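Have a look at the structure below before the remarks.
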Amino acid sequence: MTEYLGILVFFALAGTVAGGFVLLASILGPKKPSKVKSEPFECGEPAFSVSAGHMSIKFYLTAILFILFDVELVFLYPWAVVFRDLGTWGLTGMSIFLGILMVGFFYAWDNGALDWK
Amino acid sequence: MTDLTLLVPEIVLVAMALALILVARRLERARTAATSVVLAAVAAIGSGWVLSSATPEVGFGGTLAGDGYAQFFDVLFAATLAITALLSIRHVDKERVRPGEFYALLLLAATGMLLAASAMDLLILYLGLELMTLCSYVLVGITREKTASIEGAVKYFLLGSFASALFLYGIGLTYGVTGATGFASIASAATERGLSGNPLLLAGVVLVIAGLAFKIAAVPFHAWAPDAYQGASAPVGAFLAAGSKAAGLAALVRVCIVAFAPEQPLWSNLLVALAALSILVGSLLALSQTNMKRLLAYSSISHAGYALLGLIPGTPAGASATMTYAFVYAFMTLGAFGIVIALDQRGENLPGYHGLAKTNPGTAALMFLFLLSLTGIPPTAGFVAKFGVILSVVSAGHIGLAVLAVVSSVVSAFFYLRVAVYMYMTDPQGAAPGRLPSTVSVALLFAALVTIIGGVFPDTFAAWTVPP
């Protein structure tokens, strides 16, 4: 256990120094409270406000389309790793899968999901 | 490669759904899309029939079955799909729902049902049921201009995702204890390694059954049903009541009898509680309903309870009674919803049925037939089905439950036959509804035919059932 003694001393010293400075600051430091300074998260920014106005609903569609390709990638990557072992069977299966995904993408495109208007 | 023949009905339905999605923007009339859905349903069953000799019993590493049990439900789901497509044409046009999307979702939901009925593995079962419910959420909310529709969809979605989480957690616990997700391996692991009393496995059983009880809207997992059925367009309500319930029952029967066979005492007791509550609460709450779709929703809750009765003994005969019940119930509820659809706005509320027999005797007679069948009065299929499940619960020694089922049946007669009284014994109000569209008539006559045949020749459908 003795080899841990150094660590214990280190913790004790660190605690004393850090605690000491906090204590000294609260005793000796000047205190000029203002409205902004008394807020729970004093950081110069107003704590509560709508930061960027309303988010356009169009981003939602973009996010959904992103998921389409994200899912595609999740399945493509492990398939690519064992591509040679799976052979024609794997290639056919992956083509069908991509085909079905592309139908969904075509649907989105066809119905104007890519037009930013 | 021969495994693929197992999936041919599913492939047919998905191919048609993809085709509809491709042309969705150019598809204006519901009739074209509905015709293609009916054709796909017929092709799915036909191809399954032709290939049935070449189909292996199980395939894909034992995760999918092509047995008689799956084929029985395949026929039921395809028939539900075709009838819903026929019933919905006018609604889709009138509510300005885009037909391509509507029928594609209907096809994909039916595909999920087919998968759920043939699943031999908890994960495939989850996949099938999720495909079905995800499409159902959208179908309930597809009439976007109606607030009730969106409200129903949101409630259905929130409760549904919660139930899916329970189901998944149950699968997780079961896998954790037995190390398997296949139905047969779960059962053999439980018996061979003496795990059947393991508390974690029992918790898994409870959670899986709770998740499935949500799909069939059994009390206390029924809260979504009245709002979803009422908010949804009537054809969607019909599809949910007939198809989604049958899919849940198909899954429940196979999971209980095959996967959780060693835990039979536990799930038997659970099902007794679920069935008793569903029958009682469904019948009592239906008494005060004035909206027809809501009334049919509560009726579907109590019918879920009746269907569960057959499963309680855990015997093949009981499972066969439950299968018959799911089959017969699908057609009689499709019929009753069909009349609501046929009468359009007038059919939504009870006062709309005043004096219907004087203005439209044919429609009133059909409605009377479906109501008799829902009550369980001979000579309709509803009576035969109800008799079968009550008989099996008596054979298991639950006399009290059987008495409760019969008494609730009498209570339900009050609200079903009240509609009949309105139709036959009061004077018509307002303008008479016009002639039914021919597609609706065809669908209604088909449902009526099944209801009568099942009642006059009681063994017809029971003979097709193949317990898992």
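Values as computed for the structure displayed
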{"read-out": "Residue that is farthest from the other protein chains (Cβ to nearest Cβ) [pool: residues in segment B:14-30 that are closer than 19 Å to B:His91 by Cα and crowded, with 18+ Cβ neighbours inside 10 Å]", "value": "B:Ala30"}
{"read-out": "Subset of segment B:13-66 [charged (D, E, K, R) and over 26 Å from B:Thr84 (Cα atoms)]", "value": "B:Glu57"}
{"read-out": "Boolean, B:Glu151 is of a type in the set (D, E, K, R) and in a helix (DSSP H, G or I)", "value": "yes"}
{"read-out": "Scope segment A:72-89; condition within 14 Å of chain B (Cβ to nearest Cβ) and not polar (S, T, N, Q); matching residues", "value": "A:Gly87, A:Trp89"}
{"read-out": "So B:Thr55, is it outside any helix (DSSP H, G or I) and either in contact with a Leu (Cβ under 7 Å, 6 or more places away or on another chain) or surrounded by 24 or more Cβ atoms within 10 Å (Cβ to Cβ) (or both)", "value": "yes"}
{"read-out": "When residues of segment A:98-115 are limited to those that are facing chain B (nearest Cβ under 8 Å) and outside any loop (DSSP other than H, G, I, E, B), the one surrounded by the most Cβ atoms within 10 Å (Cβ to Cβ)", "value": "A:Tyr107"}
{"read-out": "Count - residues of segment B:58-98 that are in a helix (DSSP H, G or I) and closer than 19 Å to B:Gly338 by Cα", "value": "19"}
{"read-out": "B:Leu4 in a helix (DSSP H, G or I), farther than 20 Å from B:Cys135 by Cβ and within 14 Å of chain A (Cβ to nearest Cβ)", "value": "yes"}
{"read-out": "Conditions (1) surrounded by 22 or more Cβ atoms within 10 Å (Cβ to Cβ); (2) within 14 Å of chain A (Cβ to nearest Cβ); (3) out of contact with any Ser or Thr (no Cβ under 7 Å at 6 or more places or on another chain); number of the one not met by B:Ile11", "value": "(1)"}
{"read-out": "Test: residue in segment B:383-393 that is farther than 29 Å from B:Leu81 by Cα and either outside any helix (DSSP H, G or I) or not β-branched (Val, Ile, Thr) (or both)", "value": "yes"}
{"read-out": "Yes/no for B:Ala44 being within 16 Å of the chain's Cα centre (by Cα), closer than 20 Å to B:Thr5 by Cα and in a helix (DSSP H, G or I)", "value": "no"}
{"read-out": "Residue in segment B:93-102 that is buried (at least 16 other Cβ atoms within 10 Å of the Cβ), away from every other protein chain (no Cβ under 14 Å), within 22 Å of the chain's Cα centre (by Cα) and not hydrophobic (A, V, I, L, M, F, W, C) present", "value": "no"}
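Just so you know, all these numbers are worked out from the coordinates, no wet-lab data involved. Quick caveat, the model's predicted, so the values are computed rather than measured. So basically every Cβ, Gly included, is an ideal-geometry build from the backbone, and we count neighbours across all protein chains shown.
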